[in-house]
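Taking it in order: structure first as structure tokens, then the write-up.
The values are calculated or read from the model by the stated rules, or taken from the named source; none is laboratory data. Note that the structure is predicted; figures quoted are calculated from it, not measured. Here Cβ is always computed from backbone atoms with ideal geometry, including for glycine, and neighbour counts include all displayed protein chains. SASA here: full protein model, heavy atoms, side chains in, ligands and nucleic acids out. Shrake-Rupley method; radii C 1.70, N 1.55, O 1.52, S 1.80 Å.
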Amino acid sequence: MATRILMVCLGNICRSPLAEGIMKSKVDTSRIMVDSAGTGGYHLGEKPDARSIATALKFGIDISGQRCRKFAAPDFKHFDIIYAMDLQNYKDIISLARSDEDKKKVQLLMEGVSGETLEIPDPYYGGEDGFDRVYKLIDLACDHIANKMKNS
Ligand code: 4NP
């Protein structure tokens, strides 16, 4: 099972920083490495969006130390599994793949989480409530992934 996990969205300031923080809270981080990145480069070096930081804090998770970076082809080598938040992120990551092996590493975060949407909606242009829904979806997906890892 994967030991190096990369969470990817568009901006790497709203969804994937939450996914990184939530996933780290559910696994043994001395054994499993979790990072995040964005397919776009609009906010490089910035902290996560204040709404993501506040939402995570409501659940006891501090993501304020994260800094935005852009996804790049060498990430295929450095990670075992790459989780895309939505279908556009998935396509953008796949477009940088250099082999079938690279492509096989990419999955939608919500894949296999029954009864829920397949995509984590982009909350950037919405209000606070959008972030609560995003948190809940990512939390469900990370529970699913962490359980799968425990049982493998
Ligand atoms: P994220 O949200 O992909 O969840 O980090 C976004 C953040 C910033 C932008 C778009 C989406 N932006 O266009 O700047």
Go through (1) of a type outside the set (A, V, I, L, M); (2) free of Cβ contacts under 8 Å to residues at least 60 places away in the same chain; (3) within 15 Å of the ligand (Cβ to nearest atom) and name the single condition S95 misses.
(3)
Residue check: is R31 away from the ligand (no atom under 16 Å from the Cβ), open to solvent by 40 Å² or more (accessible area, probe 1.4 Å) and touching a His at 6+ places or on another chain (Cβ under 8 Å)?
no
Could you list, ordered by first residue, the pairs with Cβ atoms under 6 Å in which the first is in region 65-78 and under 13 Å from S99 (Cβ atoms) and the second is in a loop (DSSP other than H, G, I, E, B), at least 6 apart or interchain?
A73/L96
Using the structure shown, decide if G41 is assigned to a loop (DSSP other than H, G, I, E, B), within 16 Å of the ligand (Cβ to nearest atom) and modelled with pLDDT under 95.
yes
Every residue in region 52-64 that is more than 10 Å from the ligand (Cβ to nearest atom) and at negative phi, please.
I53, A54, T55, A56, L57, K58, F59, I61, D62, I63, S64
Please find, within region 1-18, the residue that is nearest to the ligand (Cβ to nearest atom) out of those that are over 19 Å from Y125 (Cβ atoms) and not in a strand (DSSP E or B).
A2
Step by step: first the residues of region 91-128, then only those that are in a loop (DSSP other than H, G, I, E, B), polar (S, T, N, Q) and modelled with pLDDT of 95 or more, then the one that is nearest to the chain's Cα centre (by Cα). Which residue is that?
S95
